[in-house]
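A short reminder: the numbers here are calculations on the coordinates, not readings from a lab. Every value quoted in this text rests on a predicted model; they were computed, and no experiment measured them. Here the Cβ positions follow ideal geometry from the backbone for every residue, glycine too, while neighbour counts run over all protein chains shown.
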Amino acid sequence: MSGAIIEADGLTREFRIRDGRRRRLLTAVDGLTVRIEPGEAVGYIGANGAGKSTTIKMLTGILVPTAGSVITCGLRPVPDRRRLARQVGVVFGQRSQLWWDLPVRESFRILAAIHALTTAQESDRTAELVEQLELGGFLSIPVRQLSLGQRMRAEVAAALLHSPRLVILDEPTIGLDVLSKQRLREFLVGERRRHGTTLLLTTHDMGDVERLCDRILVIDHGRLAYDGDLPGLSRTVGAERVLVVDLAEPSPDLTGLDGSRHLSSEAGGLRQRLAFDAEQITAAKLLAAVSDKANVLDLTVEEPDIEDVVRRIYAASRSRPYSPAEASRPAASPASSTAMSP
Amino acid sequence: MASASTFDKGAVQATGLRERLRPYRAVLASRARSQRAYRTSFALDLGSSLLVGLVELAEVWVIFSNVTALGGMHFNQILLVFGMADLAFSLADLSFGHLDTLPDFLRAGTLDAFYLRPQPILLQLITSDISLRRLARAAVGAAAMGIGLATAGVSWGPRTVALLVIGLASGYATFAAMFVWAAGLQFFLLDGAEMTNAFVYGGRYAASQPASVWSRPLKLIFGFFFPMAFTAYLPAVTMLGLPGPDWLPTWLGWCAPAAAVWSWVMGLLCWRWGLRHYQGGGG
């Protein structure tokens, strides 16, 4: 048995869709080959409709692949779905898996029964999750009355109650405020440290990727456009951070600082924006260099936008195929749908 | 497998039936509790369900205030057919009726949650709810059946009791299978609740009528394909020793279990087909 927790080989999924009167084939996932080892934390990113959810559904046995194969936790997702369910926990950010009219505690009790936990396992794990996710204040409140932040924490606890080896999170922080996001990320980092859980998460939030993931997969029109770490991703696409400084008095443009590029000035130079590459210079060094030239009152650092990163990756992967394997396939990248007779 | 979680091993050790049923019991118990939690609301539900049952019974009575016999049966005998059909249907509706909420799950994408739990999808769906208010409806059916049994001239004996038990159990199973059958079709007709309701509730209505009044095409459809005649009419005819109509001889009442098996085979095939479609084409 291979040690991988997810092993996809040429995983492909097509949908027949009705487009007016004609039927078309839409390729949602196109020859995805990827291997994820136990304990990894992987960010799976891509634009809406790039094939992220379809991939997750194939990994968990909800959808049957059109072609290719996938092994999750050493099992074949579709025929071994029920055994796999005991080892995988999935959180869908926008779809509740709790019983909306039952108190959170009751939902946990039912899920413990569903996963055949012993009384000891149930009480230990529930206590751990309640403490780590700070659920104590609303355990007896029906799910429908929870705030979004509370509900998401309850959803995560519900998906992790049976201590799955692999946790898949589909947009876990969508719609959450900064504090709730932060708490959830801290919990996931801790869970991974304590139990060696493998994390696979889809997100639109760069913060999630930066704080949770040590590997990034970018998917574009169903194809893998990037596989590597975050610095590598920034290097590949040249995504820059931006230092915004508010100065005490109007100043000339701060050009010519090492490792940075002047983007714009506002209010006669009171506010200036400097792009810099995190590989070349730290924000602190750049700030020191700026402070030599002008009196800085306030500052913010803008992170590269994930949408922007993805856009750049897409542009790069279209002008230059990501892998030789892909280049040899029939070209269908942007328009991966082919007409089919009605 | 070396990498199996400790919980998986725990599940393997506890293979008893009790343990296997624990997930379903946990859900059903909490559903039942939550329905009874709001007493006024539950009482109103029971009341309205009772009213519907009584209205349907009144319909039979209205017909018989104008005629003395229908399809070779008198009012008391029809009462027996109506009661058996209604009791069996109400109990099936109580335990399987919520399968018609499948389109809601499909539209909201929440069926996926069932895939992430280690139980068969259909069993999870069946045990995802229980409609206790249908008990009122079942009570109307039981009362009608009781009056029918007492007044229709049934000769009591082991044979009658056996027919009654076989008839009710098979009727329950047949109606339950109709809900599964309809649910399987929902995968193809996302807005098909109306269509499948028509044949589930139409079937129930057909079941409470004497099949002798049906035309031949109706006998084919509701006598055999959707075997509604087997849920109440045929067992009652056999019990009462009445001559059966064309194509439906008296002894067929004993074959009610075969009708239930046929319905389940078709229902499960339909369900399987629907599930395949969901995993393969929909989603």
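Quick notes on this structure:
- Cα long-axis angle, helix B:39-64 against chain B (0 to 90 degrees, to the nearest 10): 30
- For segment B:16-57, chymotrypsin sites (Phe, Trp or Tyr not before Pro) meeting the loop criterion (DSSP other than H, G, I, E, B) and having at most 14 other Cβ atoms within 10 Å: B:Y38.
- For B:R31, net neighbour charge (Lys/Arg +1, Asp/Glu -1) across residues whose Cβ lies under 14 Å away: +2
- Kirkwood-based shape ratio for segment B:62-171, expressed as Rg/Rh from alpha carbons: 1.15
- For segment A:240-302: rounded, prolate or oblate by the Cα gyration tensor [a/c cutoff 1.5]: prolate
- Taking a Cβ cut-off of under 15 Å around A:D305, the surrounding Lys, Arg, Asp and Glu residues balance to a net charge of -4, with basic ones at +1 and acidic ones at -1.
- Cα-based shape type of segment A:106-203, given that a ≥ b ≥ c are square roots of the gyration tensor eigenvalues and the cut on a/c is 1.5: oblate
- Inter-chain neighbour count for A:52-65: the average number of beta-carbon atoms from partner chains within 10 Å of each residue's beta-carbon is 3.
- GNM top mover of A:S163, A:S264, A:S234 - chain A, alpha-carbon springs below 10 Å: A:S264
- Helix-derived mean residue ellipticity, 222 nm - over chain A, DSSP H n ≥ 4, -39500 (n - 2.57), to 500: -10000 deg cm²/dmol
- Most mobile listed residue (A:I71, A:I216, A:I281) in chain A, GNM with C-alpha springs under 10 Å: A:I281
- Per-residue mean of C-beta atoms belonging to partner chains within 10 Å, peptide B:118-126: 2
- Extension gain, A:T255 to A:Q280: 0.36 nm times the residue separation minus the Cα-Cα distance gives 7.4 nm.
- Mean Cβ neighbour count within 10 Å, used as a protection proxy, ranking B:197-208, B:226-237, B:63-74 highest first: B:226-237, B:197-208, B:63-74
- Candidates A:V64, A:V90, A:V167: whichever shows maximal mean-square fluctuation once chain A is modelled as a Gaussian network with Cα springs under 10 Å: A:V64
- Mean ellipticity per residue at 222 nm, deg cm²/dmol - from DSSP H runs of n ≥ 4 across chain B, formula -39500 (n - 2.57): -22000 deg cm²/dmol
- In sequence order, segment A:79-94 has phi-based couplings of x, 9, 3, 5, 5, 5, 4, 6, 10, 10, x, 10, 10, 9, x, 10 Hz under the Karplus curve 6.51 cos²θ - 1.76 cosθ + 1.60, θ = phi - 60°, and Gly or Pro positions carry x.
- Prolate/oblate/rounded label for chain A (Cα gyration tensor, a/c 1.5): oblate
- Over the protein assembly as shown, the ratio between the Cα radius of gyration and 2.2 N^0.38 Å evaluates to 1.24.
- 12 Å tail of the calculated P(r), segment A:103-159, as % of Cα pairs: 63
- Across peptide A:107-118, the average count of Cβ atoms from other chains found within 10 Å of a residue's Cβ is 6.
- Under 16 Å from the Cα of A:K285 - lysines, other chains or at least 8 residues apart: A:K293
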